[in-house]
Amino acid sequence: MKVVVITAFKNDFDKALAAAFVREDYKVYVMGNVQSGGIIPDGLNIISDDIKEAAAAVQKDSNFIDIYIDVSNESDLSDNFNVRTGINEQVMRNLYEANVIRPMAMLEAFLPLLEAGDGKRLCYLTSALASINETRGIDGLGYKMAKAALHNFLQITRNALAPKGFTIRAYDPCPAAGSSGDREISAEQSAQGAFNYFTRRRGIERGDPNRDDEGNLVFRDAWGRQHSW
């Protein structure tokens with residue numbers, strides 16, 4: 001049985017993603033309080049929201065992880081400023097802590113379990129809003145800067161861990177797809193897209209091992225589109 005860790009169970013996307021893995025007979029651990037609402041799928045293993053306690057619980061029960069999914073994707077309604085109106089330093093610090101510092105600490109805690117597993121797949125949520133090449137908005141600066149910093153962290157992580165067989169998936173769940181002109185997408189549809197992307201291997205072009213797409217660090221969204229960093 002393959003083992004998956006999901007770092008939160010707070011919103012509809014998290015719950016739908018956990019349910020998708022349970023349906024496909026993965027052993028699924030989720031961090032946090034799952035009693036906050038919604039149906040808890042059978043087969044879900046609840047672990048502490050405390051990073052060290054969560055890693056220790058998985059170590060004791062399974063001793064390895066195949067797929068690690070960091071669903072940190074925190075935003076703030078107060079993040080409505082830009083460089084012209086003035087920067088709210090505290091909001092930016094809070095978003096950086098939630099979207100960059102905590103993910104870094106979680107990966108450090110779970111890395112030995114990932115090294116012990118066969119999958120060695122790291123998955124992270126991001127947003128096309130944070131793509132330097134694609135973003136058009138001038139507000140939400142704290143969130144965008146935090147996700148841009150996460151992108152840099154993923155590049156460094158990829159450089160360090162790829163030689164050890166690790167692969168990375170970055171995924172935009174499109175939580176506000178309708179506001180960007182796309183068709184609305186449900187949490188279940190977005191989670192299914194994530195499941196497909198997180199569990200499948202990217203291709204080798206024309207059978208040439210030197211043209212292995214796993215060597216590229218890219219991110220895709222819930223509609224299957226690939227975005228630049």
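No lab work stands behind these numbers, since they all come straight from the coordinates. What you see is a predicted model; the values in this text were computed from it and never measured. Ideal geometry is used to build each Cβ from the backbone, glycine not excepted, and the neighbour counts take in all protein chains shown.
The 3J(HN,Hα) values that the Karplus relation (6.51, -1.76, 1.60; θ = phi - 60°) gives for region 57-69 are, in residue order, 5, 5, 4, 5, 8, 10, 6, 6, 9, 9, 10, 10, 10 Hz. Gly and Pro appear as x.
Do the alpha carbons of any pairs in LYS27/LYS144; LYS27/LYS147; LYS27/LYS52; LYS52/LYS144; LYS60/LYS120 sit beyond 25 Å of each other, and which pairs? In this structure, LYS27/LYS144; LYS27/LYS147; LYS52/LYS144 exceed 25 Å between Cα atoms. Assuming charge only on the beta carbon of Lys and Arg (+1) and of Asp and Glu (-1), the dipole of the chain about its Cα centre is about 480 debye to the nearest 20. Across all directions, the average projected area of the convex hull around the alpha carbons of region 3-227 is 13.1 nm². Counting only trypsin sites (Lys or Arg not before Pro) that DSSP places in a loop and that have at most 10 other Cβ atoms within 10 Å, the longest clean stretch of the chain runs over 1-83.
Distance between the pseudo-spin-label points of ALA116 and MET104 (7 Å out from Cα toward the beta carbon): 2.6 nm.
Qualifying chymotrypsin sites (Phe, Trp or Tyr not before Pro) in region 49-98, where qualification requires a DSSP coil assignment and no more than 13 other C-beta atoms within 10 Å, are lacking entirely. Taking amide H as placed 1.01 Å from N in the peptide plane, the amide H of VAL71 sits under 5 Å from that of THR7, ALA8, each at least 5 places away or on another chain.
For LYS10, go through the aspartates and glutamates and keep the ones whose alpha-carbon is under 12 Å away, minus same-chain ones fewer than eight residues off. LYS10 reaches ASP49, GLU74.
Over the chain, DSSP H runs of length four or greater, each weighted -39,500 (n - 2.57), average out per residue to a 222 nm ellipticity of -11000 deg cm²/dmol.
Which one, GLY86, GLY165, GLY142, has the greatest fluctuation when you compute a Gaussian network model over the chain with C-alpha springs under 10 angstrom? Answer for the Gaussian network model of the chain: GLY86. Which GluC sites (Glu not before Pro) does region 57-139 hold that lie in a coil by DSSP with at most 14 other beta carbons within 10 Å? Passing both the DSSP loop test and the Cβ count: GLU134. On the beta carbon distance between ASP49 and SER186, with R0 = 35 Å, the FRET formula returns roughly 0.85. Taking 0.36 nm per residue of sequence separation and removing the Cα-Cα distance, the ILE87/ILE132 pair yields an extension gain of 14.3 nm.
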